[in-house]
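Structure first, then comments.
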Amino acid sequence: MSNTKTTTMKSPLGSAHHIGISVADLDVCISWYVEKLGCKVTNTMNFEDLGVRLAVLTINNEFSFELIERKGSVPFPFPGGPEEAVRVQGHAHMAFTVDNCDATAEELKRRGVKILCLGGSSEPSDYPALNWRCAHFLDIEGNLLELVEHLD
């Protein structure tokens, strides 16, 4: 046991701004996020000298994230669902708040998205300790995404 004293202090950080996801094919990924999740492309940049292209996508004018393509990048080394995502340290998934997890999961299924939850289920699961109902799915390149409904 440590004898260090912990103190609580206000964080110097503001709210989360965005995350970035490295992808193999920026154009294919943009199309998938726009078609399947209803995202909007709000900006693009090209760093030709670095072999990097990126797009900023926004959801409901509230949250933005970057898709970043770099020539020669390699895929993240895990094969799928939520159980596998935590086998490798680092980014595990990106989560989106929804009003109704079941209805959103059904809409994504209608759009051709495969829902994969704990234990291989295709149905959302409750997490009573967190007071959440969640569902997981993969984007077109295998990045794990999550739906989170806050339960009352």
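The values are calculated or read from the model by the stated rules, or taken from the named source; none is laboratory data. This is a predicted model, so every value here is computed, not measured. Cβ: placed from backbone, ideal geometry, glycine included. Neighbour counts: every protein chain shown.
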Q: Tell me the strands (runs of 3 or more DSSP E) entirely within the stretch 103-152 that contain at least 1 residues that are buried (at least 19 other Cβ atoms within 10 Å of the Cβ) and outside the structural domain of residue 37 (by TED's automatic domain parsing).
A: 132-138, 144-150
Q. Tally time: how many residues in the stretch 13-54 are under 15 Å from residue 145 (Cα atoms) and either in the same structural domain as residue 95 (by TED's automatic domain parsing) or at pLDDT below 95 (or both)?
A. 6
